[in-house]
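The values are calculated or read from the model by the stated rules, or taken from the named source; none is laboratory data. All figures in this text were calculated on a predicted structure; none of them were measured in a lab. In this analysis, Cβ positions are derived from the backbone assuming ideal geometry, glycine residues included, and neighbour counts consider all displayed protein chains. Protein only, heavy atoms only, side chains kept; ligands, DNA and RNA dropped before computing areas. Shrake-Rupley method; radii C 1.70, N 1.55, O 1.52, S 1.80 Å.
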Amino acid sequence: MPAKPDPLQVRIAAFNHTRGGVAVHKARRGYSLISERTGAPIARLRPTGEADRVQVLWWNGGRWGASGPFGIATLPLDEALDYIASEPHFWISA
């Protein structure tokens, strides 16, 4: 019997169609969005356990860190994906 698809991962994978060239990898407690073109990390989404809210992290060159000026942005998944798509700092190495 095939494994049941992860609903959050399915929704995040749909992001690939809006931005293009983004692979989604589930690892440990979250999902990493990776540029298919360069292999560079774009963002990391870590579920909070509250509905579809996720913490949004960005790769600072050495590790995942706070994505906003006031700490880690925590948003519903669709808003988090819009945030990633619209903020240029996520796409510097992509």
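Can you tell me which residues in the range 33-77 are open to solvent by 20 Å² or more (accessible area, probe 1.4 Å), within 20 Å of LEU8 (Cβ to Cβ) and of a type in the set (Ser, Thr, Tyr)? Selection gives THR48, THR74.
Does at least one position in the range 46-54 carry a residue that is in contact with a helix residue (DSSP H, G or I) (Cβ under 6 Å, 6 or more places away or on another chain) and either of a type in the set (Lys, Arg) or under 22 Å from PRO5 (Cα atoms) (or both)? So that I can check it myself, show each step before the final result.
Start the filter on the range 46-54 by keeping residues that are in contact with a helix residue (DSSP H, G or I) (Cβ under 6 Å, 6 or more places away or on another chain), which leaves 52, 54.
Now narrow it down to the ones that are either of a type in the set (Lys, Arg) or under 22 Å from PRO5 (Cα atoms) (or both): 52, 54.
Yes, the range 46-54 contains at least one residue that is in contact with a helix residue (DSSP H, G or I) (Cβ under 6 Å, 6 or more places away or on another chain) and either of a type in the set (Lys, Arg) or under 22 Å from PRO5 (Cα atoms) (or both).
Going through (1) on the phi > 0 side of the Ramachandran plot; (2) open to solvent by 60 Å² or more (accessible area, probe 1.4 Å) one by one, PRO88 falls short only on (1). Screening ASP78 on (1) in a helix (DSSP H, G or I); (2) modelled with pLDDT of 85 or more; (3) touching a strand residue (DSSP E or B) at 6+ places or on another chain (Cβ under 7 Å) shows it passes everything except condition (3). Close contacts from the range 59-76, counting a first residue that is more than 15 Å from PRO47 (Cβ to Cβ) and a second that is part of a loop (DSSP other than H, G, I, E, B), with Cβ to Cβ under 6 Å and a gap of 6+ residues or different chains, come to ALA66/ILE72.
Could you tell me whether the range 18-30 includes any residue that is of a type in the set (D, E, K, R), surrounded by 15 or more Cβ atoms within 10 Å (Cβ to Cβ) and touching a residue at least 24 places away in the same chain (Cβ under 8 Å)?
To start, the set of residues in the range 18-30 that are of a type in the set (D, E, K, R) comprises 19, 26, 28-29.
Narrowing further to those that are surrounded by 15 or more Cβ atoms within 10 Å (Cβ to Cβ): 19.
Narrowing further to those that are touching a residue at least 24 places away in the same chain (Cβ under 8 Å): 19.
Checked against the condition, which is being of a type in the set (D, E, K, R), surrounded by 15 or more Cβ atoms within 10 Å (Cβ to Cβ) and touching a residue at least 24 places away in the same chain (Cβ under 8 Å), the range 18-30 yields at least one hit.
Entry remark, the range 36-57: residues being touching a strand residue (DSSP E or B) at 6+ places or on another chain (Cβ under 6 Å) and at pLDDT below 90 number 1 in total. Pairs meeting the criteria (first residue in the range 2-15 and within 15 Å of ALA27 (Cα to Cα), second residue at pLDDT below 75 and open to solvent by 90 Å² or more (accessible area, probe 1.4 Å), beta carbons under 9 Å, at least 6 apart or on different chains) are lacking.
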